[in-house]
1. Have a look at 48, 191, 161 and tell me which one the Gaussian network model of the chain (Cα, springs below 10 Å) gives the largest fluctuation.
2. Just from its helices, what would the mean residue ellipticity at 222 nm be for the chain, if runs of 4 or more DSSP H residues each count -39500 (n - 2.57) and the sum is divided by every residue, rounded to the nearest 500 deg cm²/dmol?
3. State the extension gain, in nm to one decimal, for the chain segment bounded by residue 155 and residue 225, taking 0.36 nm per residue of separation less the distance between their alpha-carbons.
4. Could you go through region 95-111 in sequence order and give the Karplus-derived ³J(HN,Hα) for each residue, using 6.51 cos²θ - 1.76 cosθ + 1.60 with θ = phi - 60°, rounded to whole Hz, and x for Gly and Pro?
5. What list of ³J(HN,Hα) values in whole Hz, one per residue of region 168-181 in order, does the Karplus curve 6.51 cos²θ - 1.76 cosθ + 1.60 (θ = phi - 60°) give from phi, with Gly and Pro shown as x?
6. Provide, as a two-decimal number, the C-alpha radius of gyration of the chain over 2.2 N^0.38 Å, N being how many residues it has.
7. Springs between alpha-carbon pairs under 10 angstrom, Gaussian network model over the chain: which of 106, 215, 201 fluctuates most?
8. In the neighborhood of residue 27, defined by Cβ-to-Cβ distances under 10 Å, what is the net charge if each Lys or Arg adds +1 and each Asp or Glu adds -1?
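None of the figures in this text is laboratory data; all of them are computed from the coordinates on show. Keep in mind that what you see is a predicted model, and the values were worked out from it rather than measured. No Cβ is skipped: glycine too gets one built from the backbone with ideal geometry, and neighbour counts run over all protein chains shown.
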Amino acid sequence: MKMELDSETEWGYYIDQENFKIYNIKDEIPDGSFVVIKEKEYIDDLNRTVIQTTYGIVDGQKYQPMNKKEISKLISEACASYILVKNKLPPKVSLEKEVIPDKPAKLAFVMNNYDTFHLVVDKDLLEGTNPAEIFNSLQEDVPELTEEKDPWRIEYAKSSRSTCKTCNKKIEKDTIRVGQPNYYEDHLNYRWNHENCIFWKRLSINNVDGLDELKEEDRKRIEKLLK
């Protein structure tokens, strides 16, 4: 399907659900692709420009818009199919939490620094196989977050304005928040998460800053999670 975007205000990407590769939208988009479109919009009341994001899928050579929850469900299905065929996680997909037996697996498809899809893969999507059985066998395929150049950051939230990148809920002031290092225009910032939304087994005590700034009881609890 051919999609034309306004070069002044719009840009976008499509995701091939067969291989999870991400491409810039230039002209033709293959059938079955997931689509993410960005648009600059000036808001008079705010006196600033914001970026609006819309989602959709190309189905039968027609573009069907949908909300993020709907497209995340379809990406979850594609993720399960990929795992069953290739016996490994798709590119840019990682576990968000340790998989509990007989419970759905929660994963994140980090498309880029600004777009993350939270996926749920259950027994039905895996053709009746227990998710824990499959994902335990794929542990060696999970990318090590400790390979990142910069350490993660743990601290008490300075306000209630930050939003958890895992559950999308507010992080309350003075509660612990855990930040994944992220660069924007060469400036280091963090993608903040609730303490309970982190998959601690994928982190190392040697790659987390801020532990010595926590209260003793909080520091000891986090150190146990990091072991």
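1. For the chain, modelled as a Gaussian network with Cα springs under 10 Å, the answer is 48.
2. Dividing the helical sum by the residues of the chain leaves -5000 deg cm²/dmol.
3. Working: separation 70, 0.36 × 70 = 25.20 nm, distance 1.54 nm.
Stretched out fully, the residue 155 to residue 225 stretch lengthens by 23.7 nm.
4. My calculation for region 95-111 gives 6, 8, 9, 4, 7, 8, x, 6, 10, x, 8, 10, 10, 10, 9, 8, 5 Hz in order.
5. Computed from phi, the couplings for region 168-181 are 6, 9, 5, 9, 5, 4, 6, 8, 5, 10, 10, x, 7, x Hz.
6. Details: Rg = 19.3 Å, N = 227, 2.2 N^0.38 = 17.3 Å.
In units of the 2.2 N^0.38 Å rule of thumb, it is 1.11.
7. 215
8. 0
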